[in-house]
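Everything below concerns the one structure shown next.
Read the figures in this text as sums done on the coordinates, not as results from a lab. Computed from a prediction, not measured in an experiment: that's the story for all the values here. Here the Cβ is made from the backbone with ideal geometry for all residues, glycine too, and neighbour counts use every protein chain on show.
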Amino acid sequence: MKKFLLVPSILSADFANLGLEITRVLLAGYDLIHFDVMDNHYVPNLSMSPIILDSIIKYGIKPSYIDVHLMVNPAEKLIDIFAKKRVNCINFHPETTSNISKSLSLIKSYNCKAGLVINPNDSIDFLYNFINKLDVIVIMLVNPGFSNQKLIPNTIKKIIKIKKIIIESGCNVSIEVDGGITIDNINKIAKSGADIFVIGSTIFNSKNYLKTIKKIRNKLINI
Ligand code: DX5
Ligand code: ZN
């Protein structure tokens, strides 16, 4: 059976109890933690900074559990800061650095995984130039900036197209999907080719994280 990764987005967590919230989802069996960094410039919202990551690490969560999604412009300085913390993965939007290749190499020089994030209206042809440097392609299923939005239906076609590009390239690149994922639509998204699922409100708005992961995993059987 294919191993899908389930990654709670803590943008939807209770920020007054962040350490506890992360511990609870990891104990329930979720694989990584998605850490959204927003600057109120690239996206119209402000969220977490490296200071919050430091607190989480001090609380006892290993950086190797943290999947960083940078929604900041320019991104270079923050890429450097998060890479030095040796998080699991750093994902950035291609238009937010002046030299994509250089940013990807910097991330990988710290043994972090590197990913590019594609917005719903972004074209995808440029991916051919970078595919051999990528560990992950993150496909946004909503416009970035807020949790609890509805998935934009034509993003599903994008997953299928990007999966084709990856297979043709022969490179080992995972597809991560972010935004609007629910228990009702996750099966269809997985069948389109996604490997890693970032899920915010569906998890954190539920009362019991263990029951919710069971419901989600049930939808991913036999794919
Ligand atoms: C949106 C963020 C997402 C968001 C997902 O800009 O990048 O990670 O928190 O939340 P849900 O699953 O509620 O759409
Ligand atoms: Zn995100």
- For region 62-72, in residue order, the Karplus 3J(HN,Hα) values (coefficients 6.51, -1.76, 1.60; θ = phi - 60°; whole Hz; Gly and Pro = x) are 6, x, 5, 9, 9, 9, 9, 10, 8, 10, 9
- FRET E, pair LYS2, ASN148, Förster distance 25 Å, beta-carbon r, rounded to 0.05: 0.35
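Figure the gain on full extension for ASN73 and SER169 (residue separation times 0.36 nm, minus the Cα-Cα span) and round it to one decimal in nm.
31.6 nm
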- Only Lys, Arg (+1) and Asp, Glu (-1) charged, at Cβ; region 5-219 dipole about Cα centre in debye: 700 debye
- Task: Set Lys and Arg Cβ to +1 and Asp and Glu Cβ to -1, take the dipole of the chain about its Cα centre, and tell me which of ILE159, VAL72, LEU46 lies farthest positive.
- Result: ILE159
- Residue-by-residue Karplus 3J(HN,Hα) for region 168-185, coefficients 6.51, -1.76, 1.60, Hz, glycine and proline x: 4, 6, x, 8, 9, 10, 8, 9, 9, 10, 9, x, x, 7, 10, 5, 7, 9
- Item | Within region 20-36: backbone nitrogen closer than 14 Å to the LYS214 label point (7 Å, Cα to C-beta) | 28-29
- Once Lys and Arg are counted +1 and Asp and Glu -1 for all other residues with Cβ under 12 Å from that of ILE66, the total becomes 0
- Work from the charge dipole of the chain (Cβ charges, +1 for Lys and Arg, -1 for Asp and Glu, about the Cα centre) and give the residue of SER55, PRO8, CYS89 farthest towards its positive end. PRO8
- Task: Just order 69-81, 94-106 by mean Cβ neighbour count inside 10 Å, highest at the front, would you?
- Result: 69-81, 94-106
- Would you tally the net charge around SER123, using a Cβ to Cβ cut-off of less than 11 Å, leaving SER123 out, and scoring K and R as +1, D and E as -1? 0
- Task: Work out how much length GLU95 to TYR59 would gain on full extension: take 0.36 nm times their residue separation and subtract the Cα-Cα distance, in nm to one decimal.
- Result: 9.6 nm
